[in-house]
Structure formats: C-alpha cells, structure tokens
Amino acid sequence: MADRTVAPKVHALVEGSRRVVDSDWFGMAVFGVIMANAAVLGVETYSGAVDRWHTELKMLEHAFLAVFTAEILLRAAAHADRPRDFLRDPWNLFDIAVVALAFLPIARENATVLRLLRLARVLRAARFLPQVRIVISAIGKSLPGMLSFVLVGTLLLYVYAMVGWVFFADDDPEHYGSIGRAVLTLFLLITLDGLGDAVRAGLEISRWTIVYFGSFVLFGSFVLVNLLIGVVINSLEEARQMEAAMDHRPSSPEPTGPREEILRDRIETARRALQELETALDAQTVHRSARRRYAPAHEVDRDHAGLP
C-alpha cells in the first residue's frame, strides 16, 4: 500500500522536474547565470573593485552556488526514475563534481582552489552550446589517435635531433649543442617558425643541409600535421553523429510506475473484457433457447442449420 502511494508522488516529481529542465527558458537562465559568474570572476581580478564591493561580491558568489546547486538537484529529480541514465552522462558528473567540491572545507579555506572551481563553472556553458559540446567530445575521442601521433612525432624529433647534433654541434652549438637544444630547435621548425634563418645558417656549414631541413619539414610539418588534422576531423564527425543520435533519442521513458502495478492493471483490463464477452455469449445462448422453445418447427430447423 505504501509503494502505491509513493509511486504517484515520484512520478509527479519526475514529470514536473522534467518539464522545467527541458524548457528553453531553463537552459537560457542557467547559461545567463554562468556568464554572470564569469563576469563577476573577471571583476574580482581588479583589487580596487574587490576592496569596494567585497561584501556584495561574496553575496553574489553564494547566490551563484545556490542557483547551481538547485539546478543539479532539478536535473537529478528529472531522472529520479532512472538514476543510472543521469550518472552515465559525463556532463552531469562534471557538474556534480564542480558544485560539490565548492562545499568542501579545503575549497572554502583555500582562495586559489575556490577560484579554480569557479573558473571551472564557466566551462559548464559548453553543455548549452551544441557546437562547443561537439568540439569537446571530438577532442576526447581523438585522444587515442593523438597518442599515436605523439609517439610518431617524438620518434621523428629524436632521430632528426641526433642527426643534427652529430653534424651541427661543433658549428652551431647554440641550437644543436645537446640533444635537448636540438629537439627544441626542430620542434620550433615544425611550426615553420625561423625556418629561413635555420636554412641560411645550415647552408653556411654545407650545401647538403638543405636535404636535412627539406626532409624534416616534409615529414614534420606536412605529413605529421596533416595526420593530426585527419585524426581530429574523423573524431569531429563521430562526435557530430553521436550528438545527432542523442538529440533524436526520446526524452521521456515508457512507464514510470512500478512494474507490478502496470501488470495488475493489464490483467484487470483483460479480466473485465473476458467477463463482458462471457455475459454477451450467455445472453445470446438464452435468446436462442427461448426462440427454440416457442418458435414453430421450421424456424427451429433454421436455427439448427445456423440460418438467421
């Protein structure tokens, strides 16, 4: 009996919270609060403003935290019937972590940690901007491919840095005097920054250095960077497809009541339908029996024959 009273209350809570969370004004309001939080955080970088409006800024910080806490509770209430779906969403986990950590004593007592947490709230604006959300998802999906890119790039830099140290360490110790300096020089050359000066300095040593720099630019700047762009674009397409699939997913689940109660209702409906059918059959049987008793013989024969 207690379950039957609790279930409608949970259902009403879920439906009411879901209507609020899925509404356009709710998303716009939360986005506005996040932007206001970012603006206040920027104002606090000016010492004069902090000294003048210290109390007001503190009250605004508490108000922002209260609004963000209420938002998380509303989102959780909208998933009260399916909490696993709520916890599967990485954006919800991020929001919970950012808001919950602000209540810890270490965050309240450490101004630097508190500022970093307040800065992390600005990143929450990405969940209300679909294009930014797609880019962030694409970056996360491209991390395995980027790991391969980093390994190949490190190997390429190391090999060319060793070759540069062997041939240019005596003539150009400032750039190739050690493996570390050679790696730093070549890393900057990947961006084509200072390539002209490096080629001119190399030509003063030997004309064959053009092969060294030309091959490095070909593999490092063109092949490797284009490989990275390909990985990012592929991940961006996957993230866009995933976002489109989430947008087309039905927002409301099927039944929200307990399973037993739904089955009982279905059984009761079927039982009533069977009783009505049985009553109708009994009435038809009584009607035919009465016709046979009082009807002439030729009509009885027609009833036996199944004729109307």
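Summary table
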read-out	value
Test: residue in the range 148-155 that is touching a Phe, Trp or Tyr at 6+ places or on another chain (Cβ under 8 Å) and either at pLDDT 80 or above or open to solvent by 70 Å² or more (accessible area, probe 1.4 Å) (or both)	no
Criterion violated by R240 - all others in (1) under 34 Å from the mean Cα position of the chain (by Cα); (2) at pLDDT below 70; (3) charged (D, E, K, R); (4) not in a loop (DSSP other than H, G, I, E, B) satisfied	(2)
Search result, residues across the range 166-183 that are over 19 Å from L195 (Cβ atoms), assigned to a helix (DSSP H, G or I) and either open to solvent by 50 Å² or more (accessible area, probe 1.4 Å) or touching a strand residue (DSSP E or B) at 6+ places or on another chain (Cβ under 9 Å) (or both)	V166, P173, I179
Yes/no for I233 being in a helix (DSSP H, G or I), open to solvent by 90 Å² or more (accessible area, probe 1.4 Å) and of a type in the set (A, V, I, L, M)	yes
Selection within the range 128-147 - among the hydrophobic types (A, V, I, L, M, F, W, C), open to solvent by less than 70 Å² (accessible area, probe 1.4 Å) and in contact with a helix residue (DSSP H, G or I) (Cβ under 6 Å, 6 or more places away or on another chain)	F128, V132, I134, A138
Helices (runs of 4 or more DSSP H) within the range 2-117 that include 1 or more residues open to solvent by 40 Å² or more (accessible area, probe 1.4 Å) and of a type in the set (S, T, Y)	2-22, 47-52, 54-78
The range 189-226, residues that are open to solvent by 90 Å² or more (accessible area, probe 1.4 Å) and in a helix (DSSP H, G or I)	D197, R200, E204, F219, F222, N226
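The values are calculated or read from the model by the stated rules, or taken from the named source; none is laboratory data. Since this is a predicted model, take the numbers as computed values, not measurements. Heads up, the Cβs are rebuilt from the backbone with ideal geometry, glycines too, and the neighbour counts pull from every protein chain shown. What goes into the accessible areas is simple: the full protein's heavy atoms, side chains included, and nothing from ligands, DNA or RNA. Shrake-Rupley method; radii C 1.70, N 1.55, O 1.52, S 1.80 Å.
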